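**Student:** Sharing a structure with you now.
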Amino acid sequence: MKKHNFSAGPCILPQSVMQKASEAVINFNGLNLSLIEISHRSKDFVEVMENSRSLSLELLGLQNKGYKALFLQGGASMEFLRVATNLLENKAAYLNTGTWANKAIKEAKLYGELIEVASSKDNNFNYIPKNYSVPTDADYFHCTSNNTIFGTQINPFPKTGVVKVCDMSSDIFSRQMDFSQFGLIYAGAQKNMGPAGTTLVIIKEDILGKISRVIPSMLDYQVHIGKDSMFNTPAVFPVYVSMLTLEWLKDMGGIAAIEKINNQKADLLYSEIDRNPLFKGFVAEKEDRSKMNATFNLVDDSHKETFDKMWQEAGINGLNGHRSVGGYRASMYNALPLKSVQVLVDVMKELERKA
Ligand SMILES: *Cc1c(COP(=O)(O)O)cnc(C)c1O
């Protein structure tokens, strides 16, 4: 039986997507060729790339609004660098909400002055800073919508006149919002969209071309836009699986429909964390809790051995917290069924009865 997969990333994908993807590896579109052994310039693959790009914009409500979607390589980590290379002329403003934001800041510092508008480092990133201001003369403002490691999530986003850039690696396509507030959104595929190996980048075209730096081709968003995401050989398999996942999401009713289920899953688990005296949540304020990655601890670590054995026996995978936080992290990405969360909650209740 399939495990209840709470892995933080790479992570669970819809079972139907996995089935179709495995078939395409053997015989793609009835061509009697594998998806991964045909030219990326062939009509069948160009269609995959085009569908992936247009479905991304459609699901985010960004069609015909001046945005382009790209599927690039190098992970979200490459976008930390690429964003700064393309947008940072003088200074940039960054919100520091944890490990990933820190890494983005480190890259941007190579190119200009960096203003850290706020940080939650003082409390091991267990909250989202609020009431900060973004300098109006910044080239852009960068934030991380969901902090995969610490289990916090931004909502709402700050209002500012400067271009907003967002790392949405771990919550893209999981909740509704006005995506047109952002000039640039990027997300590594391996958390809510597909296998590792490709990164979705959504760019409002008119924010580009405003800096004086000479940009190497592979780092230049305009080069990738000009070549329809085919400047170099794209990651054909990750792009294909992403397309299947986006089709799966569209068929089930898009982000509005998945958001309802994501809310149910998060409510179910956080209610138990709050009710069960053996557990406590890691995040300080309830309003900052991530609906994708729930971080929690045992109040008394002497239950650890028993609890670990119980969830493993219940068929649960990937529940250990990140080493910088400890405890537990339940990642509840789009493809994780509600019933998997119920299994985890039942184990938590069972531990309470036994303890
Ligand atoms: C996982 C993750 C990253 C890093 O992605 P890579 O594809 O490994 O570079 C960046 N940001 C966030 C929010 C993440 O969750």
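The values are calculated or read from the model by the stated rules, or taken from the named source; none is laboratory data. No experiment lies behind these values; they were computed from the predicted model shown. Neighbour counts run over all protein chains shown; Cβ positions are idealised from the backbone, glycine included. Note: accessible area is taken over every heavy atom of the protein model, side chains too, but ligands, DNA and RNA are not part of it. Shrake-Rupley method; radii C 1.70, N 1.55, O 1.52, S 1.80 Å.
**Student:** Percent of accessible area on the stretch 50-132 owned by carbon and sulfur, 1.4 Å probe?
**Tutor:** On the stretch 50-132, the fraction of accessible area on carbon and sulfur atoms equals 45 percent.
**Student:** Note down the nm distance, to one decimal, between modelled labels 7 Å out along Cα→Cβ at S16 and at K250.
**Tutor:** Roughly 1.4 nm, to one decimal.
**Student:** If you don't mind, there's one more thing I want to ask. Just going by the charge dipole of the chain, with Lys and Arg at +1 and Asp and Glu at -1 on Cβ, which of S39, H142, V325 is farthest out on the positive end?
**Tutor:** Farthest towards the positive end: V325.
**Student:** Charges at C-beta only: +1 for Lys and Arg, -1 for Asp and Glu. How large is the resulting dipole of the chain about its Cα centre, in Debye rounded to 20?
**Tutor:** 160 debye
**Student:** Using only alpha carbon pairs under 8 Å that are at least six residues apart, calculate the relative contact order of the stretch 83-134 and give it in whole percent.
**Tutor:** Rounded, it is 39 percent for the stretch 83-134.
**Student:** Need the full-extension length gain, K349 to N29, defined as separation in residues times 0.36 nm minus the C-alpha distance. One decimal, nm. Could you put the intermediate results ahead of the total?
**Tutor:** Details: separation 320, 0.36 × 320 = 115.20 nm, distance 4.72 nm.
Stretched fully, the K349-N29 segment lengthens by 110.5 nm.
**Student:** Just subtract the alpha-carbon distance of N155 and E313 from 0.36 nm times their residue separation and send over the number in nm, one decimal.
**Tutor:** Going from the current span to full extension adds 53.3 nm.
**Student:** Something else about it: Hey, what do the phi angles of the stretch 244-251 turn into as Karplus ³J(HN,Hα) couplings, whole Hz, using 6.51/-1.76/1.60 and θ = phi - 60°, x for Gly and Pro?
**Tutor:** Rounded to whole hertz, the list is 4, 5, 5, 5, 4, 5, 4, 4.
**Student:** Which cross-chain or sequence-distant (5 or more) residues have an amide H under 5 Å from the amide H of Y94, H modelled 1.01 Å from N in plane?
**Tutor:** Under 5 Å from the amide H of Y94 lie the amide H atoms of I115, E116, V117, H142, each far enough along the sequence or on another chain.
**Student:** In percent, what relative contact order does the stretch 254-354 have, based on Cα pairs under 8 Å that are 6 or more apart in sequence? Numbers along the way, then the final one.
**Tutor:** Values: 113 pairs, mean separation 33.3, N = 101.
Answer for the stretch 254-354 is 33 percent.
**Student:** Sticking with this one: What number comes out for accessible area per residue over the chain if the probe is 1.4 Å? Units Å², please. Intermediate values should be presented prior to the final figure.
**Tutor:** On the way: 15150 Å² over 355 residues.
That works out to 43 Å² for each residue.
**Student:** Something else now. Among the trypsin sites (Lys or Arg not before Pro) in the stretch 21-76, which ones are in a DSSP loop with at most 16 other Cβ atoms within 10 Å of the Cβ? Mind listing them?
**Tutor:** Sites meeting the loop and neighbour criteria: R41, K65.
**Student:** Provide the per-residue ³J(HN,Hα) series for the stretch 62-76, in order, calculated from phi with Karplus coefficients 6.51, -1.76, 1.60 and θ = phi - 60°, each as a whole number of Hz, with x at glycine and proline positions.
**Tutor:** Those phi angles translate into 10, 6, 6, 10, x, 9, 10, 10, 10, 10, 10, 10, x, x, 4 Hz.
**Student:** Based on the inverse mean of 1/r over its pairs of different Cα atoms, what is the Kirkwood hydrodynamic radius of the stretch 15-252, in Å?
**Tutor:** Result for the stretch 15-252 stands at 18.4 Å.
**Student:** Among all the lysines, which ones have a C-alpha under 18 Å from K20's C-alpha, if same-chain residues fewer than 8 places away are not counted?
**Tutor:** K20 reaches K2, K250.
**Student:** Between S77 and S133, what length in nm is gained on full extension when 0.36 nm per residue of separation is reduced by their alpha carbon distance?
**Tutor:** Roughly 17.6 nm would be gained on extension.
**Student:** Where both residues lie in the stretch 15-252, what percent of DSSP beta bridges are antiparallel, nearest 5? Kindly include the intermediate steps, with their values, before the conclusion.
**Tutor:** Working: 13 of 28 bridges.
DSSP beta bridges in the stretch 15-252 are roughly 45 percent antiparallel.
**Student:** Near the amide H of I316, under 5 Å away, which other amide H atoms are found, from residues 5 or more places off or on another chain, if H is placed in the peptide plane?
**Tutor:** Amide H neighbours of I316, under 5 Å, 5+ apart: H4.
**Student:** Would you please put 175-181, 194-200 in order of how densely packed they are, using the mean number of other Cβ atoms within 10 angstrom per residue and starting with the highest?
**Tutor:** 194-200, 175-181
**Student:** Which pairs, out of K106/K309; K68/K103; K121/K227; K164/K280; K68/K109, put more than 32 Å between their alpha-carbon atoms?
**Tutor:** Working: K106/K309 39 Å; K68/K103 25 Å; K121/K227 40 Å; K164/K280 34 Å; K68/K109 26 Å.
The pairs that break the limit, which is 32 Å between Cα atoms, are K106/K309; K121/K227; K164/K280.
**Student:** Hey, what do the phi angles of the stretch 339-349 turn into as Karplus ³J(HN,Hα) couplings, whole Hz, using 6.51/-1.76/1.60 and θ = phi - 60°, x for Gly and Pro?
**Tutor:** 3J(HN,Hα) across the stretch 339-349, in whole Hz: 5, 5, 5, 4, 4, 5, 4, 4, 5, 5, 5.
**Student:** Expressed as a rounded percentage, what relative contact order does the stretch 1-152 have, with Cα pairs under 8 Å and six or more residues apart?
**Tutor:** 17 percent
**Student:** Sequence-distant or interchain residues sharing an amide H contact under 5 Å with T152, placed H: which?
**Tutor:** Amide H neighbours of T152: N147, S290.
**Student:** Out of L72, T99, N27, whose Cα points farthest toward the positive end of the dipole of the stretch 1-108 (charges: +1 Lys, Arg; -1 Asp, Glu; placed on Cβ)?
**Tutor:** T99
**Student:** With springs only between Cα atoms under 10 Å, which of G61, G327, G30 fluctuates most in a Gaussian network model of the chain?
**Tutor:** G30
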